[in-house]
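Just below is one structure, and these are the notes that go with it.
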Amino acid sequence: MSATDPVVNLQTLIRCPSVTPAEGGALSALETMLSPLGFSVDRVVATEAGTPDVENLYARLGSTGPHLMFAGHTDVVPVGDEASWSHPPFAAEIADGMLFGRGAVDMKGGIACFIAAVARHVEKHGPPAGSVSLLITGDEEGPAINGTVKLLEWAKDKGERWDAAVVGEPTNPQTLGDMIKIGRRGSISGFVTVRGIQGHAAYPHLADNPLRAASMMALALMDPPLDAGTENFQPTNLEVTTIDTGNTATNVIPAKASFAFNVRFNDSWTAESLQAELIRRLDTAAADQRLRPGREAIGYEITWSERPSHVFLTRDDALVSSLSAAVETVTGRQPGLSTTGGTSDARFIKDYCPVVEFGLVGQTMHMVDERVSVADLETLTRIYALFLERWFANAVA
């Protein structure tokens, strides 16, 4: 069967129930699509103690440079209440010009379109003047331990090198052609435990309420703002995401309080410089006596997330201009170049080659009745196909 139709490709993929970390048949479906096009296909199982094994896929067409990577994931989030779906989440039904199913936009749709674009390129021009590879994980929606990170390491050890990469995440907020992601903010999380002295609420002088210090410490992390933003990035933003004492009694001062926070940071900071600034703020607030008059600095511990996501910005003109021109030619829209949003697997790929992100409209991702416009699937395929022509022409020139 020809892989040139993105709708058929996507229906095939959606009908594979690949909820993280299950392969669900999705990678087998990809292998069936890619092998007739001349791709060599490797199925790589990554393992780590304490985490589920994950099967990933790496496919390559061509043996010379320049080398373009397309990256994505076939794993999807759970469907939630299946009875709330107007169409079965793994049936890939089409109604009123929309294709319904879990993963339709996040992000089996992007994969389906890219494969269709490559198939059309091969049908029209033959193999590209270089190499195209697909790096597909089954662990993007999960802990991201046995997925892209390990697949990149496996491919590098095998001798793979790339000149550029496109991640097919749903980047467009409203309309296809709105936005290309050329970077991402960094992300770091911390968990703070503040140690006090438990006691009776009627005798506060015999206790030391850790919530008094914790409230000052949380405030100090958020105010003043960490920065005002930079040329390419929004202001760094810190959110306190939970506060807890484990205390259910209203007349007991708790022995400890804890709170967690997450920071999305711009290129004003590195993960290390940001951590240093946050610790400085915590130390200052721990010694603040406004809510604890006459007290010494309270004791606290902070635990950082094991792997912060580092900020990055892609400045590869050939990559960005080739994709921008393809988007504008097909849609008539000049896409914005953005660094907004959360993290993606581009944060790992950036260490190997320049990377951008462009895919479908993401308004229904992770929702009940996740769906994609059938017309958008064809449009995205045309964008990817034109991008392939332009990128290889620019890279070879």
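The values are calculated or read from the model by the stated rules, or taken from the named source; none is laboratory data. Remember, predicted model here, so these are calculated numbers, not experimental data. FYI the Cβ positions are ideal-geometry reconstructions off the backbone, even for glycines, and counts take in every protein chain you see.
For this structure, a couple of remarks:
- Qualifying positions in segment 212-241 - of a type in the set (A, V, I, L, M, F, W, C) and either in a helix (DSSP H, G or I) or over 30 Å from Thr340 (Cβ atoms) (or both): Ala213, Ala214, Met216, Met217, Ala218, Leu219, Ala220, Leu221, Met222
- Test result for Arg347, more than 30 Å from Val194 (Cβ to Cβ) and either surrounded by 14 or more Cβ atoms within 10 Å (Cβ to Cβ) or among the acidic types (Asp, Glu) (or both): yes
- The residue list Leu278, Leu337, Leu313 contains one member that is closer than 19 Å to Ala218 by Cα and either in contact (Cβ under 8 Å) with a residue 60 or more places away in the chain or assigned by TED's automatic domain parsing to the domain that holds Arg195 (or both), which is Leu278.
- Meets criteria (of a type in the set (Ser, Thr, Tyr), touching a strand residue (DSSP E or B) at 6+ places or on another chain (Cβ under 6 Å), assigned by TED's automatic domain parsing to the domain that holds Phe348 and over 24 Å from Thr250 (Cβ atoms)) for Thr171: yes
- Annotation: of all residues in segment 284-329 being among the β-branched types (Val, Ile, Thr) and out of contact with any Asp or Glu (no Cβ under 6 Å at 6 or more places or on another chain), the one that is nearest to Leu226 (Cα to Cα) is Thr284.
- At least 2 residues being modelled with pLDDT of 95 or more, over 29 Å from Ser40 (Cβ atoms) and not hydrophobic (A, V, I, L, M, F, W, C) is the threshold, and among the strands (runs of 3 or more DSSP E) wholly inside segment 137-211 those reaching it are 186-195.
- Set Val132, Val122, Val76, Val118: member being touching an Asp or Glu at 6+ places or on another chain (Cβ under 7 Å), of a type in the set (Val, Ile, Thr) and in contact (Cβ under 8 Å) with a residue 40 or more places away in the chain: Val76
- Selected residue (criterion: farthest from the chain's Cα centre (by Cα)) from residues of segment 173-206 that are under 30 Å from Pro335 (Cα atoms) and hydroxyl-bearing (Ser, Thr, Tyr): Thr175
- From Glu48, Glu31, residue being assigned by TED's automatic domain parsing to the domain that holds Gly142, modelled with pLDDT under 95 and closer than 27 Å to Trp154 by Cβ: Glu48
- Considering segment 250-283, the residues that are surrounded by 14 or more Cβ atoms within 10 Å (Cβ to Cβ) and farther than 30 Å from Thr230 by Cβ include one that is nearest to the chain's Cα centre (by Cα), namely Ser258.
- Tallying residues that are touching a helix residue (DSSP H, G or I) at 6+ places or on another chain (Cβ under 6 Å) and assigned to a loop (DSSP other than H, G, I, E, B) within segment 6-55 yields 2.
- Residues located in segment 348-365, provided they are within 14 Å of the chain's Cα centre (by Cα) and more than 13 Å from Glu169 (Cα to Cα): Phe348, Ile349, Lys350
- Matching option when the condition is among the polar types (S, T, N, Q), without any contact (Cβ under 8 Å) to a residue 60 or more places away in the chain and touching a strand residue (DSSP E or B) at 6+ places or on another chain (Cβ under 8 Å), among Ser63, Ser40: Ser40
- Residue within segment 242-249 that is surrounded by 19 or more Cβ atoms within 10 Å (Cβ to Cβ) and not in a loop (DSSP other than H, G, I, E, B) present: no
- Any hit, segment 102-118, residues being assigned to a loop (DSSP other than H, G, I, E, B) and either hydroxyl-bearing (Ser, Thr, Tyr) or surrounded by fewer than 20 Cβ atoms within 10 Å (Cβ to Cβ) (or both): no
- Test: residue in segment 318-336 that is on the phi > 0 side of the Ramachandran plot and loosely packed, with under 15 Cβ neighbours inside 10 Å: yes
- Filter pass, Ala271 being out of contact with any helix residue (DSSP H, G or I) (no Cβ under 9 Å at 6 or more places or on another chain) and not polar (S, T, N, Q): yes
- Counting only residues that are in a loop (DSSP other than H, G, I, E, B), exposed (fewer than 13 other Cβ atoms within 10 Å of the Cβ) and more than 26 Å from the chain's Cα centre (by Cα), segment 56-90 holds 3 of them.
- Only one of the numbered conditions (1) surrounded by 15 or more Cβ atoms within 10 Å (Cβ to Cβ); (2) assigned by TED's automatic domain parsing to the domain that holds Asp96; (3) of a type in the set (Gly, Ala, Ser) is not met by Ala286, and that is (2).
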